[in-house]
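Okay, structure first, notes after.
The values are calculated or read from the model by the stated rules, or taken from the named source; none is laboratory data. Not measured: the values here are computed from a predicted model. Ideal geometry is used to build each Cβ from the backbone, glycine not excepted, and the neighbour counts take in all protein chains shown. Surface accessibility is based on the protein's heavy atoms, side chains included, excluding ligands, DNA and RNA. Shrake-Rupley method; radii C 1.70, N 1.55, O 1.52, S 1.80 Å.
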Amino acid sequence: MKKLPYVFSDKDRTIQFDKFDLPSPWINYLSNGRMHAFVSQAGGGLTWWQTPMLFRVTRYRFYNLPIDSPGFYVYLRMEDGSVWSPTFRPCETKVDRREAAHSPGYSVFTAEKNGLTATLKLFMAQDTDTLLWDLKLCNQCGYEVSCDVFAYVELSQFMAQQENILGYYLKWNTRAVFNEELQAITYAYTAWMHPRKDDSPMVYFGSDAKINSFCCNRDSFCGYYRDERNPVEIEKGCLSNTNLQGGEPCGALHTHITVSGGEKTQIHYYLGVTKGALADYEKAIEETKETLIALRKAGAADEQFAKLQAWWDKHLNVMQCQLPDADAEREINTWNPLQSVHTARLSRSISSDASGVRGIGFRDTAQDMLAQAYRKPEWARDMLWYLASQQLEDGHAVHTAWPEENRPPQDITRSDDHIWMVYLAYAIAAETGDLSFLDKEIPFLSADLVTPAGSATLWEHLLRGVDFTEKHLGAHDLPLILFSDWNDHLGPFGRKGKGESIMVSQQHIYALQQLGEMAAMRRDTAAVESFAGLIDKQEKALEKYAWDGEWFLRGLDDDAQPIGTHSAAHARIWLNAQSWMIIAGACKDKQIRAMDSVARELDTGMGLLLNTPGYPGWPSKESAMVNGLPAGYSENGGVFCQANCWAIMAEALLGRGDLAWKYYKQILPNTVIQKIGVERYHAEAYAYCSTMLGKDNEKFGWGCVSQVTGTAAWMDVVATQYILGVRPTLKGLLIDPSIPSQWDGYTVERLYRGCRLIIQVENQAHVQHGVKEIILNGVSLNLTDGAYITESNLSGCETAQVKVIMG
Ligand code: GLC
């Protein structure tokens, strides 16, 4: 095994790199929830405000060479004319030492050359929408060193898609100038057709150092047929003081510095936005001035950094664990919840892969917020309220929405979108014990997809969803596939409108169970009974039609032929139909057999395949069944990581902790990399990918679409709530571990309804599942109704010591 190009330092929650030309950008998101950026291990990156579609502040060249550029660049030009950077890009100069490190919310880049060390820390200010660059230069030589420091960003036409289509005209609407009073570059994009023209911000790029020269014109900065790797103005050692009205804008600032031997110096740069440049120019300038004055105060950057760290500490400390497995512990404590925050903020929209125009996926966000429901229930609740406003009166939901973009949603009816809202509602209720958010009045969306229709409570919204599913059952009483279900590529089986989905039936049952529990708490017995009847109907249909002999079918196609049957040449077994049967709790007597088939047929040792064998790719006719996807990719025989989570959940629910653990551990990116290496896996060691190529593909194991995936939230949920088994329910906090039998135990710290629980699980019996006793603050709990810690058990405690004895 080759040495890995990174090492984790768990106590600082850091990954440190010692190789920079990795197979792909390994990014870190920097954000305050309004202004966002990502930066790679090489210093490439992008920043945007609110929406990467409408307010893209800097540029990033997706899909084009050179990859991962441009970024947030600092050039150090020495007196002999040599140029280097704290980041690997842009210069790629050989230096004496180089490091890069990502941590929650910030990245640090260090390079040392001839006794001078440059350290660049990037993070987002919390109180203002500013990307802070904290540059430290430390002179370890015994003599004075002088150099010219240049900071550079390429600015963007805010409207990312329009830039591709009409950028050759719209670039006339760029104005970047050095403002003497502000001692900063200001940039505005003045295209009148911007859909949020009044919000359109003033971008500023300033510093707390004396500016010796500047440049606002990218082409002048770089020079003809050059790029940011060897800009002509850096070569000259001085910038041209060029302003720009129309053209390709940039921000470049130059400061000449001298550092005495053994001394340090520090420069801050501020790349930020002030709302409303076009609406009121004077006001925007005035506000920018105030912001810069505040940021330039001594200690201001450190104060913002402390606030950022406090935010992450608070967020992560809701749930922390100590496990006998360092890889899993690191994931659960740091990197997984970190990724969950980003998917909650960004849905599937933007990463170094995803170009940032996709808006919010309805089902995607409903699932992403599951990982916030237990850490930030108010955030999850607000998003759920928003999602409900994107539901139509017949109960189905739009598929994609652009809440920040002033753009109507996209409505191609899927059979599952609306159902995911129920799980989120349940998760919020289970965490807080408060169901009043269900009474919030929320408008429906009318058929024009713009005007709100009559409003109803969130509860009523959820019931309309049930109605929609019930009104779209097929000939076998199973829900119709419609355009597709969770699987975006299932549609070809149901194009004539008759295909039915077994997964949606299972989802419907699970939703009805959760609705039933909520209805009982609302004392709505009529609803409880009606849901029970609907569950019964689905269970009967599943009993009758779902079983194939060794596993469950995935559905029935337009001609009532089975999807996922043993005699099929392609896709004869599908993962989700098995795992979701356990989640739904239906067809109980066949569940173990089905999951044994999963182990036998779908487990590659490096993830479970979504289905197998894959359909052959184009030009085979069958490739039409998966919309042309080559074999091994994604929904066609790929390892779909999100679907692996449901299999983990299923095994945990079955009490087979050894298998749950195997499936969990084997798809941790760091595990996969240790097995096949960075070159083959390709993507980040600390963030999940959407899929890995399956074994039908020669690049088996290759990670595709990292960062923006539903895997983040689901892995977070299954690891903490189903493997470690600290699971919020309406009855209280259920303690239900499903762990590897060889574990002696583990510890979880969990903030629950205002009380910090220190839960020590002991497994001297070496079982995979089963709780014999819970001792809370020295008192053994009565477990006749299940292993729950209820709010009344905790009454008034700020902390509680909980001992859990498995056996
Ligand atoms: C992608 C989509 C998600 C879909 C999944 C399976 O991840 O974002 O909405 O459910 O693929 O097709």
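At-a-glance table
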| quantity | calculated |
| --- | --- |
| Verdict on D148 being at pLDDT 95 or above, open to solvent by 20 Å² or more (accessible area, probe 1.4 Å), under 16 Å from Q266 (Cα atoms) and in contact with a strand residue (DSSP E or B) (Cβ under 9 Å, 6 or more places away or on another chain) | yes |
| Subset of segment 457-493 (residues that are open to solvent by 10 Å² or more (accessible area, probe 1.4 Å) and among the small types (G, A, S)) | G474, A475 |
| Residue, nearest to V717 (Cα to Cα), within segment 610-632, restricted to residues that are buried (at least 24 other Cβ atoms within 10 Å of the Cβ) and within 14 Å of the ligand (Cβ to nearest atom) | L610 |
| Considering residues of segment 187-197 that are surrounded by fewer than 24 Cβ atoms within 10 Å (Cβ to Cβ) and in contact with a strand residue (DSSP E or B) (Cβ under 8 Å, 6 or more places away or on another chain) only, the residue farthest from R229 (Cα to Cα) | P195 |
| Residue within segment 201-209 that is open to solvent by 10 Å² or more (accessible area, probe 1.4 Å), modelled with pLDDT of 95 or more and not in a strand (DSSP E or B) present | yes |
| Only one of G745, G694, G701 that is open to solvent by less than 10 Å² (accessible area, probe 1.4 Å) and away from the ligand (no atom under 16 Å from the Cβ) | G701 |
| Options T709, T784, T720; residue that is free of Cβ contacts under 8 Å to residues at least 60 places away in the same chain and either under 30 Å from M606 (Cα atoms) or open to solvent by 10 Å² or more (accessible area, probe 1.4 Å) (or both) | T784 |
| Filtered residue count, segment 359-398, keeping only those that are under 21 Å from S455 (Cβ atoms), within 16 Å of the ligand (Cβ to nearest atom) and small (G, A, S) | 2 |
| Unmet criterion (only one of (1) free of Cβ contacts under 8 Å to residues at least 24 places away in the same chain; (2) under 24 Å from H472 (Cβ atoms); (3) out of contact with any Leu (no Cβ under 8 Å at 6 or more places or on another chain)) for P562 | (3) |
| Check on V678, surrounded by fewer than 24 Cβ atoms within 10 Å (Cβ to Cβ), modelled with pLDDT of 95 or more and away from the ligand (no atom under 13 Å from the Cβ) | yes |
| Any hit, segment 733-752, residues being assigned to a loop (DSSP other than H, G, I, E, B) and hydrophobic (A, V, I, L, M, F, W, C) | yes |
| Residue tally, condition within 16 Å of the ligand (Cβ to nearest atom) and of a type in the set (S, T, Y), over segment 488-509 | 1 |
| Filter result (outside any loop (DSSP other than H, G, I, E, B) and open to solvent by less than 30 Å² (accessible area, probe 1.4 Å)) within segment 79-112 | W84, A100, A101, H102, S103, S107, F109, T110, A111 |
| Every residue from segment 788-806 that is closer than 27 Å to H315 by Cβ and open to solvent by less than 30 Å² (accessible area, probe 1.4 Å) | I789, L794, A800, V802, V804 |
| Leading residue by the ranking (nearest to G732 (Cα to Cα)) among those in segment 408-419 that are surrounded by 24 or more Cβ atoms within 10 Å (Cβ to Cβ) and free of Cβ contacts under 8 Å to residues at least 60 places away in the same chain | H418 |
| Pair list, Cβ < 8 Å and 6+ apart or interchain, from segment 268-293 residues that are in a loop (DSSP other than H, G, I, E, B) to residues that are basic (K, R) and open to solvent by 70 Å² or more (accessible area, probe 1.4 Å) | G276/K283; L278/K197; A279/K197 |
| Lone unmet requirement of (1) closer than 22 Å to C138 by Cβ; (2) surrounded by fewer than 16 Cβ atoms within 10 Å (Cβ to Cβ); (3) not hydroxyl-bearing (S, T, Y) for A279 | (1) |
| Test: residue in segment 638-659 that is within 16 Å of the ligand (Cβ to nearest atom), charged (D, E, K, R) and either at positive phi or in contact (Cβ under 8 Å) with a residue 12 or more places away in the chain (or both) | no |
